[in-house]
Amino acid sequence: MGGNRIQVDAFNRVSDHEGVYVLGDAAAMITPETPRGYPMMAPVAIQQGQQLAANLIRNQKGQSWKPFKYLDKGTMATIGRNRAVVNFWGQTFHGIVAWLMWMFVHIMYLVGFRNKVATLMGWVYNYLTYDRALRLIIRPFARSKSTKVYHEV
Ligand SMILES: Cc1cc2nc3c(=O)[nH]c(=O)nc-3n(C[C@H](O)[C@H](O)[C@H](O)COP(=O)(O)OP(=O)(O)OC[C@H]3O[C@@H](n4cnc5c(N)ncnc54)[C@H](O)[C@@H]3O)c2cc1C
């Protein structure tokens, strides 16, 4: 499949491979409603995991499986310091309100109290110190004529 994804059915099963399941970014769930699969997003991965776990429990109880149906809870994106856009329940929020909502939702979805506190403290530190998570240090390089090896100038 495109994007190196593995095709699965509506139950996250890989055809011709009994007992093999793929979900989240690695899965391309091709159904009549989703001919190109679901987008590679965290809510899809979370919901597919929950659905598959529920189906495996149903299997143990001898019950029939339920196909996956994505529940769109809305969209949110942070676009800078104190800025975000949130769209859910037909409402759109901007600015610092949306930014706080973005942080709250992301903290709540982290597993475990310790992770939540550690992440929140990291964000507060970064906010107060203007620290950046990603730094790229790129220095000029030149090709050596004799050895044809790249080395630092
Ligand atoms: C920069 C960036 C920003 C994003 N922003 C958003 C966003 O704002 N909203 C959103 O919904 N989605 C966002 N996404 C997409 C989201 O992160 C993914 O859709 C989601 O994490 C998919 O979950 P997953 O469980 O399928 O895969 P992953 O979260 O990638 O988990 C796969 C795990 O498997 C581990 N793994 C890999 N190979 C092996 C191996 N051989 N053995 C053992 N473990 C292995 C990896 O280390 C990883 O922990 C973003 C992605 C990126 C890269």
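Just so it is clear, none of the values below were taken in a lab; they were calculated from the coordinates. Fair warning: this is a prediction, and the values are worked out from it, not measured in the lab. Glycine gets a Cβ as well: all are built from the backbone with ideal geometry, and neighbour counts include every protein chain shown.
For the reader, a short list of remarks on this structure follows.
- Qualifying residue in the range 72-80 (condition: assigned to a strand (DSSP E or B), within 11 Å of the ligand (Cβ to nearest atom), surrounded by fewer than 17 Cβ atoms within 10 Å (Cβ to Cβ) and touching a residue at least 24 places away in the same chain (Cβ under 8 Å)): yes
- Selection status of Asp25, within 15 Å of the ligand (Cβ to nearest atom), assigned to a helix (DSSP H, G or I) and of a type in the set (Asp, Glu): yes
- Pairing residues of the range 37-62 that are within 12 Å of the ligand (Cβ to nearest atom) with residues that are of a type outside the set (Ser, Thr, Tyr) and in a helix (DSSP H, G or I), at Cβ distances under 7 Å and at least 6 apart in sequence or on separate chains, gives Tyr38/Val44; Met40/Asp25; Val44/Gly24; Ala45/Gly24; Ala45/Asp25; Gln48/Gly24.
- Residue pairs whose Cβ atoms lie under 8 Å apart, separated by 6 or more positions or on different chains, with the first residue in the range 6-19 and of a type in the set (Lys, Arg) and the second part of a loop (DSSP other than H, G, I, E, B), are Arg13/Val20.
- Scanning the range 81-105 for residues that are free of Cβ contacts under 8 Å to residues at least 24 places away in the same chain and in a loop (DSSP other than H, G, I, E, B), we see that the one that is surrounded by the most Cβ atoms within 10 Å (Cβ to Cβ) is Asn82.
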